[in-house]
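Here the structure is laid out as structure tokens; the discussion comes afterwards.
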Amino acid sequence: MPKHKPARRRSIAEPLESRLLLSADSFHNFLSPNDVNDDGSLTPVDALYVLNRISSKAGGEDVRVGFPDVNDDQAITPVDALSVINSISKRSSSLLATDQAFALLSGADGARGKAEFERGDDDFKLRIRVQNASTDSLFDVTIDGNVVGTLATDERGRGEARIESRGFDNEDFLDELRVIGAGTEIELVGFAGGVFKTSSSLDDDLNDDGVKLRGDGSVDDSQPGAPTTPDPSLAGDVEYKSRLSVGGGEATYEVTGNLRELKVRFRSASAGSRLSISIGDVVVGEVQIDNRGRGELRFETGERPFPADFPSIRVGTLIKVNGLDVGSFVLDN
């Protein structure tokens, strides 16, 4: 009797989508998920951060910058970049008939928070989010010293509180909440405090300094956040900027031919304080803050010489105040 050979089983392998698996909460911007580089604005650059992260991993590198896990699924995929693009498209196709204000909160050990306020014709909404805060904790929310709500954090140190005019039953503070704007103080008691800024106040020049602070404030004090691009200073003139998460500050570094200039300015720091400024891990100088909360550190080729050990600055270089990471340099386009 002839023997029958068993039929061979054919295995079919289907390509799977590349997924960069994560374990740390620091890859997701819980405060503003689509703001990957955490600069306070939503632009195509945020999508580029995601794609650069995927590309660097595929090329054998692992450039960890920004918050590329947009959808918070513990992986970085092209879907995250698509989420950013879709969000930009929706924003571009709609007109917001509201006034807006923002406040950033910087706590200890990388804890961070953001408050967003929107006011329409008849109502208002106030949303506060925190990340990397103390786990399973409660924080009272105060506006100009008055307690208006409570924020609770979960086992990951994340928390969110929403206060809306329709559900707010404290008539004593209702009118005060309606007029939140530039200069209004907010505090999460036991976490951090901050001051609201409006989009217009962030875009206006300072009266006597001519400094522009764009976006809703500053970058996270724990994330470098910059896409991996070649250093353009090798090809000619270039300007870098970094908003700082303390004192309403901004740093600019310009290279024009053989000339260099660095400016570090603060507009709302603690009056009378002295702030130590570091580029990377090198202390480059101090800023004396005046009684209005303003101060400046400046170096330029020729007139105000740079320190002998001044480090190189390029995309992603950290800037620190009193030893704490408060910003990183990105290209000023």
Strands (runs of 3 or more DSSP E) (entirely within segment 231-310) containing at least 3 residues that are touching a residue at least 24 places away in the same chain (Cβ under 8 Å) and within 30 Å of ALA103 (Cα to Cα): 238-244, 249-256, 259-266, 274-279, 295-300
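The rows are residues; the columns are (1) out of contact with any strand residue (DSSP E or B) (no Cβ under 8 Å at 6 or more places or on another chain); (2) among the aliphatic types (A, V, I, L, M); (3) under 22 Å from GLY183 (Cα atoms); (4) buried (at least 17 other Cβ atoms within 10 Å of the Cβ).
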| site | (1), (2), (3), (4) |
| --- | --- |
| LEU259 | no, yes, no, no |
| LEU262 | no, yes, no, yes |
| ILE279 | no, yes, no, yes |
| VAL287 | no, yes, no, yes |
| THR317 | no, no, no, yes |
| LYS320 | no, no, no, yes |
Candidates THR301, THR252, THR256 - the one that is more than 25 Å from the chain's Cα centre (by Cα) and closer than 28 Å to ASP46 by Cα: THR256
Residue among GLU296, GLU303, GLU239, GLU286 that is more than 14 Å from ASP325 (Cα to Cα) and touching an Asp or Glu at 6+ places or on another chain (Cβ under 6 Å): GLU239
Odd one out for LEU82 among (1) assigned to a loop (DSSP other than H, G, I, E, B); (2) at pLDDT 85 or above; (3) open to solvent by 70 Å² or more (accessible area, probe 1.4 Å); (4) of a type outside the set (Ser, Thr, Tyr): (1)
Filtered residues of segment 115-147 (kept if open to solvent by 20 Å² or more (accessible area, probe 1.4 Å), part of a strand (DSSP E or B) and either at pLDDT below 90 or in contact with an Asp or Glu (Cβ under 9 Å, 6 or more places away or on another chain) (or both)): GLU116, GLU118, ARG119, LYS125, ARG127, ARG129, ASP140, ASN146, VAL147
Residue among SER273, SER245, SER268 that is closer than 27 Å to GLY183 by Cβ, modelled with pLDDT under 85 and of a type outside the set (Asp, Glu): SER245
Residue in segment 301-309 that is within 18 Å of GLY66 (Cα to Cα), among the aliphatic types (A, V, I, L, M), out of contact with any Cys (no Cβ under 9 Å at 6 or more places or on another chain) and open to solvent by 20 Å² or more (accessible area, probe 1.4 Å) present: no
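The values are calculated or read from the model by the stated rules, or taken from the named source; none is laboratory data. No experiment lies behind these values; they were computed from the predicted model shown. Glycine gets a Cβ as well: all are built from the backbone with ideal geometry, and neighbour counts include every protein chain shown. Quick note on the areas: whole protein, heavy atoms, side chains included, nothing else; ligands and nucleic acids left out. Shrake-Rupley method; radii C 1.70, N 1.55, O 1.52, S 1.80 Å.
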